[in-house]
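Participant: Sharing a structure below in structure tokens format, with a few things to ask.
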Amino acid sequence: MLELAKVSRSYRSIPAVENVSFVLKAGEVLGYLGPNGSGKSTTVKMVMGMIRPTKGKILFAGQNIHDDLAAYRTQLGYVPEEAQLYTHLSGLEYLQLVGRLRGIEERVLDYKARTLLQLLSLEAAQYSALSDYSKGMKQRVLIAAALLHDPDVLVFDEAQSGLDIANSLLFRHLLRTLAARGKAILYISHVLELVEKICEHIVVIYRGRIVADDSVSRLRDLMQLPNLEEIFTQLVEQDDMESRAQEIASVMTW
């Protein structure tokens with residue numbers, strides 16, 4: 001459904017992403033992993049159409065997304081890590097604004113907005129200003145906003161950030177349900193345990209280049225490692241974290 005074909009992006013001739021290629025299929029939750037500064041955010045901005053690749057193409061249903069960016073964006077839902085909201089609006093007002101910008105008919109919009117707020121445990125706060133919402137509550141509003149127009153492609157960038165245990169569990173089930181309904185989901189997270197539970201397929205980027213693109217089970221077999229945390233650590237050449245933690249603690253008592 002969504003394909004990145006040899007995509008590169010440079011800033012002032014400095015490469016942020018180099019020759020990145022992967023395919024996100026309908027019905028798939030693809031985990032996109034990498035340490036800070038690896039190129040994840042640049043990739044997401046290109047997928048969202050916010051910036052153009054310096055080289056390569058991003059294809060949706062076989063067509064370059066920049067041939068008709070407006071049409072492509074109607075098929076996108078996006079939840080960022082940081083909730084940037086109009087905090088003077090209530091939760092309901094924010095969803096109504098998003099829905100109207102998406103061209104959703106008022107009767108349908110009212111039903112969807114109120115029902116999603118109820119199902120995401122926000123009904124009691126739907127008339128309260130977003131400035132009074134906790135981080136987790138704001139994230140749930142963003143999740144609702146991303147789902148309002150029933151997009152084919154969903155990009156969740158640390159979307160579980162700030163969610164409590166119950167809502168994290170709900171979010172995990174929601175991802176599986178959306179994938180089962182044919183949605184293509186790009187899932188970015190640093191919570192490797194959660195990625196391992198949700199994603200069958202992962203792509204790992206390091207220093208702007210793809211270093212792994214395979215199923216979690218196959219990577220376990222190929223690398224002879226028991227879990228995704230150890231696979232990730234080896235792929236991105238992380239040093240001994242336990243030893244470094246000991247050194248940090250030692251500095252405290254110096």
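Any read-out appearing in this document is the output of simple, stated calculations on the displayed coordinates, not a laboratory observation. As the structure is a computational prediction, the values presented were derived from the model and not from experiment. In this analysis, Cβ positions are derived from the backbone assuming ideal geometry, glycine residues included, and neighbour counts consider all displayed protein chains.
Participant: Can you give the FRET efficiency for ALA124 and ARG207, using 1/(1 + (r/R0)^6), R0 = 41 Å, r = Cβ-Cβ distance, to the nearest 0.05?
Facilitator: That gives a FRET efficiency of 0.30.
Participant: Using the Kirkwood radius over C-alpha pairs as Rh, can you work out the diffusion coefficient of region 86-150 via Stokes-Einstein at 25 °C, viscosity 0.890 mPa s, in µm² per second? Write out the running numbers ahead of the final one.
Facilitator: Values: Rh = 11.3 Å.
Roughly 216 µm²/s, to the nearest whole number.
Participant: Considering only GLY99, VAL141, LEU116, whose Cα is most displaced toward the positive end of the charge dipole of region 86-150, charges sitting on Cβ of Lys, Arg (+1) and Asp, Glu (-1)?
Facilitator: VAL141
Participant: Let me check against my output: what whole-number percent is the relative contact order of region 16-82, with C-alpha pairs under 8 Å and at least 6 apart?
Facilitator: Details: 29 pairs, mean separation 15.4, N = 67.
The value is 23 percent.
Participant: For each pair in LYS6/LYS40; LYS40/LYS197; LYS25/LYS55, compute the distance between the two Cα atoms and list the pairs where it is over 18 Å. Please list the in-between numbers first.
Facilitator: Details: LYS6/LYS40 15 Å; LYS40/LYS197 20 Å; LYS25/LYS55 22 Å.
Over 18 Å Cα-Cα: LYS40/LYS197; LYS25/LYS55.
Participant: How much length is gained if the chain between VAL191 and THR177 is pulled fully straight, taking 0.36 nm per residue apart and subtracting their Cα-Cα distance, in nm to one decimal?
Facilitator: Once the chain is fully extended between VAL191 and THR177, it gains 3.0 nm.
Participant: Can you tell me what share of the DSSP beta bridges in the chain is antiparallel? A percent to the nearest 5 is fine.
Facilitator: So the antiparallel bridges amount to about 55 percent of the total.
Participant: Mean separation of Cα pairs under 8 Å and 6+ residues apart, divided by the residue count of the chain: what relative contact order is that in percent?
Facilitator: It comes to 26 percent, rounded to a whole number.
Participant: Let me ask another. Enumerate by residue number the GluC sites (Glu not before Pro) in region 71-113 meeting two conditions: DSSP loop (anything except H, G, I, E, B), and at most 15 other Cβ atoms within 10 Å of the site's Cβ.
Facilitator: GLU82, GLU105
Participant: Over the residues of region 1-149, compute the C-alpha Rg and express it relative to 2.2 N^0.38 Å.
Facilitator: Output field value: 1.19.
Participant: Between VAL108 and ASN64, with labels modelled 7 Å along Cα→Cβ, what's the label distance in nm to one decimal, could you check?
Facilitator: About 3.1 nm, to one decimal.
Participant: Follow-up question, since we're still on this one. In whole Å and largest first, what semi-axes does the C-alpha gyration tensor of the chain yield when each eigenvalue is scaled by 5 and square-rooted?
Facilitator: Semi-axes, largest first: 32, 24, 18 Å.
Participant: Modelling each spin label as a point 7 Å along the Cα-to-Cβ direction, I'd like the ARG100/LEU169 distance in nm, to one decimal.
Facilitator: Between ARG100 and LEU169, the label points sit 3.8 nm apart.
Participant: OK, next. If you stretched the chain out fully between MET50 and ALA26, how much longer would it get, using 0.36 nm times the residue separation minus the C-alpha to C-alpha distance?
Facilitator: Gain on extension, MET50 to ALA26, equals 6.4 nm.
Participant: From Cα pairs below 8 angstrom and at least 6 apart in sequence, can you work out the relative contact order of region 86-150, rounded to a whole percent?
Facilitator: Numbers: 59 pairs, mean separation 31.9, N = 65.
Computed over region 86-150, the figure is 49 percent.
Participant: In cubic angstrom, how much convex hull volume per residue do the alpha carbon atoms of region 99-214 span?
Facilitator: So the per-residue Cα hull volume is 137 Å³.
Participant: Rg to Rh for region 19-72: what is it, with Cα atoms only and Rh by Kirkwood?
Facilitator: Expressed as Rg/Rh, it is 0.95.
Participant: Would you mind computing Rg(Cα) / (2.2 N^0.38 Å) for region 138-181, counting N as its residues?
Facilitator: 1.10
Participant: Would you mind working out the magnitude of the charge dipole of the chain relative to its Cα centre, with +1 at each Lys and Arg C-beta and -1 at each Asp and Glu C-beta, to the nearest 20 Debye?
Facilitator: It works out to roughly 800 debye.
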